[in-house]
Every structure is written in C-alpha cells, then in structure tokens.
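**Student:** A single structure is presented below for examination.
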Amino acid sequence: MRETIEDIEPQSKVLLPMPDDRRFAIIKNKAGEISCYKLMTKHKKRIRAKEGLFETMEECVLFELNWESQGTQRLMDLVPSLFIMKNSSSTIFIDEIVRNLHPELSYKLVKLILSNENLFRSQIIFTSHEDYLLDFELLRRGEIWFVDKNKNEESSLYSLGAFKPRYDADIRKGYLQGRFGGIPVINEERIEYLLSK
C-alpha cells in the first residue's frame, strides 16, 4: 500500500475500493501531504418533535456504502469512469453497465452519457444483457453489436448494421424474436437436471 500512496501524483485523487465494499478517497495536495476520506452516503431522516404543535424536523444519517442497495453501489462504481471521460480523451470499457439498475434509470443513464457534450471527446464501449437498450432513439445501428455462440461454444461478434434494419423498426422486438441472433439456447433438460440435485 505504501508504494501505491507514494505513486500518487500531487494534486490528484485516487478511489480505493476495499474487499468489503467500503471505499476510500486518497488525496495528495501540492505539498505532497496525503488525506484519506471514507466515502459514505447521507440520508435524510424525518423526525417529529412535539412542542405544542407537531413539527417535522430533518436529521442526517450516514450509511456505509456496503449498506446501500446494489443499484446505488453500481452507480458509485461508474462515477470514476465518467470522471475520466469528462476530463480526458479516453476510451472506457464497462462490462454490464446497467447491472442492478432499474430499467428506466438504466436507459436514462446511458442516454445522459451518450448525449453529454462534456463526454464527446471520449468513447464508451459497454456490454449489457438488457434488451430495453435496443432502441434507435438511444443507439445507432452501427453502435449495436451482438455476440452469438455456436454449438461448439465459439463466440462470434457482429454488428446490427449487417442486417440493415429500417430506422423505424422495433429492434428490441426483432432481437427477442431471434431475428439478429445473440439469443441463448436454453436446454430445459439441463435446467431440470440441475434443479433436481
């Protein structure tokens, strides 16, 4: 750990995740002095006090990040990547970008990333199993790629553009009907066998 801290450039911040999902921010100032902060979330708690009339007051409660939902933790995981994209010309790869997020939030998050002028200098490449992101209002044909496995378990990667769908097509529906491949083959006998064990 000492070597890692010594390697931090002055005037920079490093996020340090711990195995138990706690996160720390290490900051080095111009003089090389190091500060460490534990990242926590703050929630408002409403309390009622009785002094003549009922009055609602707010009090803040701090939560460890590992107390938060998986969706909130996932959003926190994405912040460093978005920060890098905003402050440099980078290509960022994110596996399962919307893992554990509500579908509506997932769609809006991806739309926000793709439409944000500050992020235009960077490129994001992400994977997802979420079919609701298959939308021409969100992505163009050439931006959507599928992975398909053959019977020998070999994967191939190909673009939706190869199918030349119309721009008014419901690509989500077409995908779920198997028109573009990339749909898993479900072996019901194998599932029943695993469930019987």
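The values are calculated or read from the model by the stated rules, or taken from the named source; none is laboratory data. Because the structure is a prediction, the values reported are computed rather than measured. Here the Cβ positions follow ideal geometry from the backbone for every residue, glycine too, while neighbour counts run over all protein chains shown. Just so you know, the surface numbers come from the protein's heavy atoms only, side chains and all, with ligands and any DNA or RNA stripped out. Shrake-Rupley method; radii C 1.70, N 1.55, O 1.52, S 1.80 Å.
Every residue, every condition in (1) in contact with a strand residue (DSSP E or B) (Cβ under 9 Å, 6 or more places away or on another chain); (2) under 30 Å from ASN87 (Cα atoms); (3) without any contact (Cβ under 8 Å) to a residue 12 or more places away in the chain, yes or no:
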site: ILE113; (1), (2), (3): yes, yes, no
site: SER122; (1), (2), (3): yes, yes, no
site: PHE136; (1), (2), (3): no, yes, no
site: ILE144; (1), (2), (3): yes, yes, no
site: ASN152; (1), (2), (3): no, no, yes
site: LEU160; (1), (2), (3): yes, no, no
site: TYR175; (1), (2), (3): yes, no, no
site: PHE180; (1), (2), (3): yes, no, no
site: ASN187; (1), (2), (3): no, no, yes
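**Student:** Here's a follow-up. Identify, by number, the condition in (1) modelled with pLDDT of 80 or more; (2) open to solvent by less than 50 Å² (accessible area, probe 1.4 Å) that MET40 doesn't meet.
**Tutor:** (2)
**Student:** Is it true that some residue in region 73-83 is in contact with a Lys or Arg (Cβ under 6 Å, 6 or more places away or on another chain), modelled with pLDDT under 90, over 23 Å from GLY182 (Cβ atoms) and loosely packed, with under 13 Cβ neighbours inside 10 Å?
**Tutor:** no
**Student:** Are any residues in region 170-197 part of a loop (DSSP other than H, G, I, E, B) and either of a type in the set (D, E, K, R) or open to solvent by less than 90 Å² (accessible area, probe 1.4 Å) (or both), and if so, which ones?
**Tutor:** Residues satisfying the conditions are ASP170, GLY178, ARG179, PHE180, GLY181, GLY182, ILE183, ASN187, LYS197.
**Student:** From PHE93, PHE136, grab the single residue that is aromatic (Phe, Trp, Tyr), part of a loop (DSSP other than H, G, I, E, B) and on the phi < 0 side of the Ramachandran plot.
**Tutor:** Answer to the check: PHE136.
**Student:** Considering region 124-167 alone, what residues qualify as being more than 26 Å from LEU78 (Cβ to Cβ) and either of a type in the set (Lys, Arg) or surrounded by fewer than 14 Cβ atoms within 10 Å (Cβ to Cβ) (or both)?
**Tutor:** Passing the criteria: LYS149, ASN150, LYS151, ASN152, GLU153, GLU154, SER156, GLY161, ALA162, LYS164, ARG166, TYR167.
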